[in-house]
Amino acid sequence: MTGFLIRRIGLLVITLLITSAVIFLLTQVLPGDTARLVLGRDARPEAIAQFRAENGLDLPLPMQYVNWLTRFVTGDWGTAFTVGNAPIRPLVLERLGNSLKLAIMTGLFSVPISILLGVIAGLRENKRTDVIISVFTLSVVGLPEFVTGLILINTLALGLDWFPTASSPPGADILDWFRQLTLPALSATFVLMAYIVRMTRAGVVDELKKPYVRTAALKGLSYRTVIVRHVLRNALLPTITVIALSFGWMVGGLIVIENVFNYPGLGRLMTGAVERKDLPLLQASVMMVIFFFASANLIADLLYGLLNPRIRLE
Amino acid sequence: MSGKPVIQVRDLTLEYKLKSGWTPAIRDISLTVYEGQIHGLVGESGSGKSTLALGLMRYMAANARITAGTILFDGQDITHLPQNELRKLWGKHISLVPQDALAALNPSLKIGQQIAEIVRLHEGISSAEAHARAVEMLNQVRIPDPEQVSRRYAHQISGGQQQRVTIAMALIARPKLLILDEPTTSLDVTTQASIIELVRDLMRERNAAALYVSHDLGVVAQLCDHVTVLYGGEVMATAPVVPLFTRPIHPYTISLLASLPRHTQATETRLRTIEGAAPALDMRTTGCAFAARCPAALDKCHAARPPLEDVGEGPDRYVRCHRWREIADGTLVIETAPGQTQGDSAPLPGHVLKAHDLNKTFNVSGMFELLTEKERTGVRALNDVSISIRARSTLGVVGESGSGKTTLARAIIGLEPADDGTIDLMNQAISLNLNGRTRDELRQMQMIFQNPNDSLNPYRTVGDALARTIKRLSPDLTRDAVRARVLSLLEAVRLTPDYANRFPNELSGGEKQRVGIARAFAAQPSLVIADEPTSALDVSVQAVILNLLKDLRAREGVSYLFISHDLRAVSYLADWIVVMYLGQIVEVGDADQVYALPSHPYTEALLSALPTPDPTVNHMPIVLEGDPPSPRNLPTGCPFHTRCPRKIGKICETDAPPWQDAGGDHAIRCHIPADELLAIQSKGAP
Ligand code: SF4
Ligand code: SF4
């Protein structure tokens, strides 16, 4: 198991190295010259040259990459070109925290309800309940996030005034979490739900056909015990992986929702950095997003291995 | 039978809802199992034996219903007992030992938990107590180190142990009735022998009743006290085991027994077979279910269903046949003696194929393994294997799973090329790899697969498939010539011309296998490699296929490399046999030599483990200890030393044994000289 863990973490590091190189290259080919962008169109050539020298922009690309990576790893993420030359690290970390809060809230909403619906649909395969659940989840996922977001704002925020129209990051107060994050989390839930429900349903349907279910029933166990003790522990394995992956995705992927609710998450920071061609900021935030996505992958694999004895000891 | 009846089934009819409406799967079944009795339920696929076995526990598919009859369990009528009441019986008073143990165990629950939950539920004891009971039960089913095993998962133990675990599960609550649904079908012969011994001992000890479902007449003869024979969803005969096997009076039972492959001296003998296939559920007629295939059928057999009649030999012998009286008093004789094949079929001089010192090691490869495996361990699947096949003869390769017999077949055909060694086809060296062989070399060697579905395209008619093969090999043939060849091939495998227009899903398993054979012969090969060609088929169909292979050998003059775990099938067809164990040949000889003493200790165990389909023969299998070692980790010295009951000492563990000459071309790889081996083996089992 430790060997497995070490190898997997090794793989993670390699992934991060490769993606960091790719990101670095990609940010280089973005149109426009950074120095000009920062200093303005009318900057004198000497100023531009000085800026480039100060920022290492005149070095060959591989050197620039190595420099950037070393600084990044040692925690020196530099300052942004825009947003008032703010130091990048605190900014990204703060936004990351906000994104995580939203992801946690979304998980709290989406996971229990999706699993419940998926299990029910699977147990009632092809019966009316199953069809209703499928149609419902699929039609919800068909709606774009800004539509569900606007509907939620119009009804629950503007209409009933239960929630603010724009969400700000909550503090330590639980009630504040609900007040600020319920609407964006609901929107994200709609996106995730169909996926998790389908996964769960498929797992349950597959497992119910397996001979061990008959063995369990013929022990005299009640239907409930057969399902809860025997079927679900196998049926939910793929679902758990999907949930872990979605978590990674939510850290950088809720761009539309963050915009609709004006929520300062990492996704918005990233899009802003692209728009303004703020390379250091963009690189740092994309690295964070990738880091979380890859880690979620790793965690998904580990969870799967941990919960699935067939993988664990091989 | 002395004990009291545990389960009594009276005139039970169970129907399935098919597209065509409600159709009976089993009809008018009556059967009683007594305390202390092992009752065998014999039938081929489609006979309804599994439906009956589960149906009498009242475990039925959602589209099934009981329409007539009663089931009395321990005096209580359970025919219409509600589910919650049934649950109190299941696992406690009636329990099931399922067929495929690995699939029947929950993959992600520890073995101990799966056993313990039964007694926790039915006896309400604490989990610590239940765990102790589970461990004790594992000990009773003779699992070494039960405490360890109870903390493992199903996939971490061997197939034989998995089956022992299911037996432990079934017995832990001390049920009155145990239903065993083909519990040894997926196991190797030597493992099967030890499981059967276990079942027999445990049942004797507990005085419970057991219903043993099986298609294997040998196992039933050796294990059961009473036997019921099912065909087409009906009871054909039920009788105590000895009279059923020694004086069968139902034509189906008689034919079934006659069709069992066995070791015969002459190559020209043919088995008696039951032609045709069992009727599909919705194709059953109003007459006798067996009429379409019965050699003694009369007009009235097709018109009226015979009743289940008391033979008047004690209380428990019944038979369903219009003509049983004639059979019983000897006026009607159903032919059972083996027949003769047409034509000359003794081996010809010269060799079709010679393979010399083939070696094959499977490396664990692939991206994921390379990254995750610490050390790469090779699996030594073939270890200096040499064989030669004479013209118009059959080389039988016998071995259990892990012996390397399938690897050998695939290495010869070139699908998985051997790492080194040589192969000569018709005295010409050929490439080890399929891609390096000429068209003609490829044509010369054809293959018949275990599962005919693997090689048949479901969207192409039989005629089409055959025509394509013919065309590919001789592209200049005219359409008419191809057509004629297709028909002659169909005729050779005894299928009528209209089969040319059928699709694979319109064929029975046996018919598909015939098409597979026809396809192999379409190329006019000189060597046909058959990898377990009959093991997926029913007993009566197996015999038909074996006969067909024998006839074709005489007619077409081909040779076979026949690979099987079924010693009887091999001995029926093969004139020359090699026995493999863990990738090595341990014994070679002609069929008579291999079957006679002296034998390699492994062959000896293998032969003794085969249950004889004769209950009057006192059968004492040599039970091998433990499981075969993993091929990743081959034992040093003699590969069989970890389980060999004849092991003579350290030398077996350290030195590879030499070949001992046992007379003629018979050779045995063992440290014990052939004459000594003969002397000790003649004294009886170790
Ligand atoms: S009733 Fe007729 S067809 Fe049926 S088994 Fe007897 S003789 Fe054969
Ligand atoms: S060499 Fe030894 S261990 Fe191997 S078969 Fe002979 S007696 Fe048994």
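The values are calculated or read from the model by the stated rules, or taken from the named source; none is laboratory data. Predicted, not measured: the structure shown is a model, and the values here were computed from it. FYI the Cβ positions are ideal-geometry reconstructions off the backbone, even for glycines, and counts take in every protein chain you see.
Residues in region B:293-304 that are surrounded by fewer than 19 Cβ atoms within 10 Å (Cβ to Cβ) and either modelled with pLDDT of 90 or more or among the aliphatic types (A, V, I, L, M) (or both): B:A297, B:L298, B:D299, B:K300, B:H302, B:A303, B:A304.
If you check B:A500 against the conditions, is it loosely packed, with under 15 Cβ neighbours inside 10 Å and modelled with pLDDT of 85 or more?
The answer is no for B:A500.
Looking only at residues in region B:58-70 that are out of contact with any helix residue (DSSP H, G or I) (no Cβ under 8 Å at 6 or more places or on another chain) and at pLDDT 90 or above, the one that is surrounded by the most Cβ atoms within 10 Å (Cβ to Cβ) is B:G69.
Contact annotation: residue pairs with Cβ atoms under 6 Å, 6 or more positions apart or on different chains, pairing a residue in region B:1-29 that is of a type outside the set (A, V, I, L, M) with a partner that is buried (at least 19 other Cβ atoms within 10 Å of the Cβ) and assigned to a loop (DSSP other than H, G, I, E, B), are B:R27/B:G233. Could you check how many residues of region B:628-686 are surrounded by fewer than 15 Cβ atoms within 10 Å (Cβ to Cβ), closer than 16 Å to B:V579 by Cβ and within 8 Å of ligand 2 (Cβ to nearest atom)? Total meeting the criteria: 0. When B:D566, B:D592 are screened for being closer than 28 Å to B:A221 by Cβ, surrounded by fewer than 17 Cβ atoms within 10 Å (Cβ to Cβ) and not assigned by TED's automatic domain parsing to the domain that holds B:Q156, only B:D592 passes. Being more than 12 Å from chain A (Cβ to nearest Cβ) and within 32 Å of the chain's Cα centre (by Cα) is a property that holds for B:Q161. For region B:99-111, the candidate set comprises residues that are within 24 Å of the chain's Cα centre (by Cα), buried (at least 20 other Cβ atoms within 10 Å of the Cβ) and not in a loop (DSSP other than H, G, I, E, B); within that set, the residue that is nearest to the other protein chains (Cβ to nearest Cβ) is B:A104. You will find that of A:L245, A:L236, A:L232, A:L218, the residue that is within 14 Å of chain B (Cβ to nearest Cβ) and either in contact with a strand residue (DSSP E or B) (Cβ under 7 Å, 6 or more places away or on another chain) or surrounded by fewer than 18 Cβ atoms within 10 Å (Cβ to Cβ) (or both) is A:L218 and no other. Where helices (runs of 4 or more DSSP H) sit wholly within region B:210-323, those with at least 1 residues that are touching a His at 6+ places or on another chain (Cβ under 7 Å) and away from ligand 2 (no atom under 16 Å from the Cβ) occupy B:217-223, B:241-246, B:299-303. Comparison of B:I143, B:I125 shows that the only residue that is modelled with pLDDT of 90 or more, more than 14 Å from every other protein chain (Cβ to nearest Cβ) and either more than 30 Å from B:T32 (Cβ to Cβ) or assigned to a loop (DSSP other than H, G, I, E, B) (or both) is B:I125.
Residue by residue, here is whether (1) closer than 30 Å to B:A591 by Cα; (2) at pLDDT below 75 holds:
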| site | (1), (2) |
| --- | --- |
| B:D329 | no, no |
| B:G350 | yes, no |
| B:N359 | yes, no |
| B:F368 | no, yes |
